[in-house]
1. Pick out, from segment 1-114, the strands (runs of 3 or more DSSP E) lying fully within it that include 3 or more residues that are in contact with a strand residue (DSSP E or B) (Cβ under 8 Å, 6 or more places away or on another chain) and within 15 Å of ligand 3 (Cβ to nearest atom).
2. Scan segment 1-42 residue by residue and report those that are basic (Lys, Arg) and within 16 Å of ligand 1 (Cβ to nearest atom).
3. Within segment 259-278, can you find the residues that are more than 13 Å from Val33 (Cα to Cα) and either touching a strand residue (DSSP E or B) at 6+ places or on another chain (Cβ under 8 Å) or among the polar types (S, T, N, Q) (or both)?
4. What pairs come out if I take residues in segment 238-249 that are in contact (Cβ under 8 Å) with a residue 60 or more places away in the chain and pair them with residues that are in a helix (DSSP H, G or I) and within 16 Å of ligand 4 (Cβ to nearest atom) whose C-beta lies under 6 Å away, six or more apart or interchain?
5. Test each condition in (1) more than 15 Å from ligand 2 (Cβ to nearest atom); (2) within 18 Å of the chain's Cα centre (by Cα); (3) within 18 Å of Asp248 (Cα to Cα) for Leu75 and report the one that comes out false.
6. Which residues, taken from segment 149-166, are at pLDDT below 95 and closer than 22 Å to Gly256 by Cβ?
7. For segment 87-95, state whether one or more residues are more than 21 Å from Ile124 (Cβ to Cβ), at pLDDT 95 or above and within 16 Å of ligand 4 (Cβ to nearest atom).
8. Could you say which residue among Ala139, Ala189 is aliphatic (A, V, I, L, M), buried (at least 20 other Cβ atoms within 10 Å of the Cβ), under 30 Å from Arg10 (Cβ atoms) and in contact (Cβ under 8 Å) with a residue 24 or more places away in the chain?
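The values are calculated or read from the model by the stated rules, or taken from the named source; none is laboratory data. All of these numbers come straight from a predicted model, not from anything done at the bench. Every residue, glycine as well, gets a Cβ built from its backbone with ideal geometry; the counts of neighbours run over all protein chains shown.
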Amino acid sequence: MRIDLHTHSRVSDGTDTPEELVAAALASRLDVVALTDHDTFDGLASAEAAGRELGISVLGGIEISAQRRGRSVHLLGYRPDRQDPALGEELRRVRAARSGRVPQMLAALAGLGIVVDTEVLARIVGASPSVGRPHLADALVAQGVVADRNEAFARYFDDDGPAFVPRYSIDLPLAIDLVHDAGGVAVLAHPWGRGRRADLPESYIEYLVENHGLDGIEAAHQDHDPATTVELQALAARLGLLATGSSDYHGTGKTGHPLGVHLTAPAVLEELLGRLGN
Ligand code: AMP
Ligand code: ZN
Ligand code: FE
Ligand code: FE
């Protein structure tokens, strides 16, 4: 069984439609794929329909923009009730903040002499309800300002970059509680990737398990080197956490993240499904 529990479609900042993503998952010989777009469930119905048509299992999920002490951390929620009012309200707030600061980032870019073509940006955004830095990065790629998203982040959009504008995101313990209250399973995404280890030390992960019932941590991920993955697997074993693995696929939007590059063990998925309250 090949199980990939973290992917993005163009409903957030991937480049495949949900249907294309599911077809690509099948072509990558996956048996189970979770669609976990940033802060929105909008792609799930299409992905599930495609899964039924193509004969591949699609797990409905979400990647929630959360924060600890003002630093961005991501929480994966698996199969929460999509109609849950409290979760829905917080997600609307996050999306509004994410998209709402785009004009400020455009102004910051203009201050640097870079004028983003609004038609180019609109084409890239499409129908996404969750517009963020990756969309602006893609616009700069389309206009030939940078070669790829990585260069756009390195030059302009990283958290200390000249066009970065901070935004509201959900306190991590609250995000976990919201996922649980909606009947879902909560897994910390890439907890020790991209310098996040200092934000999410072992003692804090233990606190989240004891006080908020955190269910799991993503251990195998492109942002973790092999030694870090092994450490996270050991931590998961010690704390009784699910240790997942995933590609964090973004289509052509992120290099080095092909579908299935990291996988979740079948026994872990089985336990995850067993923990679902819905
Ligand atoms: P935002 O939600 O607008 O603050 O943008 C954050 C998103 O940008 C993350 O969820 C990632 O998908 C993406 N991202 C962050 N850093 C990079 C990077 N260096 N290269 C490509 N994508 C990135
Ligand atoms: Zn993303
Ligand atoms: Fe993430
Ligand atoms: Fe992701």
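1. Values: elements: 3-7, 32-35, 57-68, 71-78.
Fully inside segment 1-114 and qualifying: 3-7, 57-68, 71-78.
2. Restricting attention to segment 1-42, the residues satisfying the condition of being basic (Lys, Arg) are 2, 10, 29.
Once the filter is applied, which keeps residues that are basic (Lys, Arg) and within 16 Å of ligand 1 (Cβ to nearest atom), segment 1-42 yields only Arg10.
3. Of segment 259-278, the ones more than 13 Å from Val33 (Cα to Cα) are 267-268, 270-278.
Listed by number, the residues that qualify are Val268, Glu271, Leu272, Arg275, Leu276, Asn278.
4. Close Cβ pairs satisfying both conditions: none exist.
5. Among (1) more than 15 Å from ligand 2 (Cβ to nearest atom); (2) within 18 Å of the chain's Cα centre (by Cα); (3) within 18 Å of Asp248 (Cα to Cα), the lone unmet condition for Leu75 is (1).
6. Step one: list which residues in segment 149-166 are at pLDDT below 95, which gives 149-150, 158-160, 166.
Scanning segment 149-166 gives Arg149, Asn150, Asp158, Asp159.
7. First, pick out the residues of segment 87-95 that are more than 21 Å from Ile124 (Cβ to Cβ): 87-93.
Add one more test, that the residue is at pLDDT 95 or above, and what stays is 87-93.
Now narrow it down to the ones that are within 16 Å of ligand 4 (Cβ to nearest atom): 91.
Yes, because at least one residue in segment 87-95 is more than 21 Å from Ile124 (Cβ to Cβ), at pLDDT 95 or above and within 16 Å of ligand 4 (Cβ to nearest atom).
8. Values: Ala139 fails: in contact (Cβ under 8 Å) with a residue 24 or more places away in the chain.
Residue meeting the stated conditions: Ala189.
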